[in-house]
Amino acid sequence: MDDLLRLRDVVFRRDNFTLRVNTLDLQAGGRYLLTGPNGAGKSTLLQLLAQLLVPQQGELWFAGEPVTGPRQRQQLRRQITLVEQSPFLFNGTVYQNLAFGLRLRDIKGDLQRRRIERALAAVGLEGFESRHSDNLSGGEVQRVALARALVLRPRLLLLDEASAGLDTEALPMFEKLITDLSDKGVTVVLAGHDQQQPRRLKTRLLPLRDGILTLPKDDEKQLESDPVPLQARA
């Protein structure tokens with residue numbers, strides 16, 4: 001598989017926190033789980049991968065092209081979607097929330113409607129188009145936010161604790177969706193604390209501690225048995 005996103009010698013500083021990533025290669029269609037204690041920098045790294053934060057030093061490539069300036073980062077944001085841990089929905093219907101990003105891409109009419117219906121079906125919320133955002137449960141808000149990301153068809157999907165608010169019935173659907181997306185070539189990076197999820201999803205681990213990304217010492221053994229590749233070292 002080809003690299004979708006590459007980071008080299010990246011350093012991002014904010015206040016008293018420093019994030020360091022010496023080497024990280026995310027491959028097209030790969031599934032990755034970002035782990036680490038609270039405060040380790042998981043959300044910061046996801047925001048950096050989403051091109052919402054700019055590192056003070058280091059180099060990034062997306063699909064083989066260097067990321068060099070604000071115009072290119074703005075263009076890349078159309079190919080990368082981040083679902084936050086506590087997602088914000090607009091005041092309005094579920095349909096209006098999903099249609100917002102599509103309108104910005106000039107996707108309207110029947111095509112817009114079909115893509116919204118498919119995205120809601122993918123997260124198990126068929127028929128929720130007319131539901132108001134104020135009348136959704138916490139788990140439903142999380143699933144609508146995921147559908148809002150899916151409707152844009154990103155090449156890189158970043159999920160910050162996206163499964164934390166899901167009930168036991170919705171979790172298998174979520175994990176199957178992640179597998180299906182990566183099988184179709186979408187790169188997925190999840191941040192989470194579920195210790196069994198890497199085995200269920202066959203993800204590669206991205207361990208963060210104190211702002212430093214490191215690769216487990218037993219990663220060579222994992223590479224022999226795990227079909228989802230990762231190269232990362234600090």
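Overview of results
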quantity	calculated
All positions within region 166-193 that are under 22 Å from G39 (Cα atoms) and surrounded by 18 or more Cβ atoms within 10 Å (Cβ to Cβ)	V188, V189, L190, A191, G192
Answer residue from region 192-234, given it is β-branched (V, I, T) and either at pLDDT 80 or above or out of contact with any Lys or Arg (no Cβ under 7 Å at 6 or more places or on another chain) (or both) and is nearest to D3 (Cα to Cα) among those	T203
Selected residue [open to solvent by 90 Å² or more (accessible area, probe 1.4 Å) and out of contact with any strand residue (DSSP E or B) (no Cβ under 7 Å at 6 or more places or on another chain)] from R73, R77, R105	R77
In region 1-24, the residues that are of a type in the set (D, E, K, R) and within 11 Å of L208 (Cβ to Cβ)	R20
Any hit, region 25-38, residues being basic (K, R) and farther than 19 Å from R209 by Cβ	yes
Single condition Q47 does not satisfy, out of (1) within 16 Å of the chain's Cα centre (by Cα); (2) at pLDDT 95 or above; (3) open to solvent by 50 Å² or more (accessible area, probe 1.4 Å)	(3)
Matching entry among Q85, Q72 (being under 15 Å from A149 (Cβ atoms), modelled with pLDDT under 95 and not β-branched (V, I, T))	Q85
Any helices (runs of 4 or more DSSP H) falling wholly within region 91-154 and containing at least 1 residues that are acidic (D, E)	109-122, 138-150
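The values are calculated or read from the model by the stated rules, or taken from the named source; none is laboratory data. Worth saying up front: this structure is predicted, and the values here are computed from it rather than measured. Every residue, glycine as well, gets a Cβ built from its backbone with ideal geometry; the counts of neighbours run over all protein chains shown. Calculation scope for accessible area: heavy atoms of the full protein, side chains included, ligands and nucleic acids excluded. Shrake-Rupley method; radii C 1.70, N 1.55, O 1.52, S 1.80 Å.
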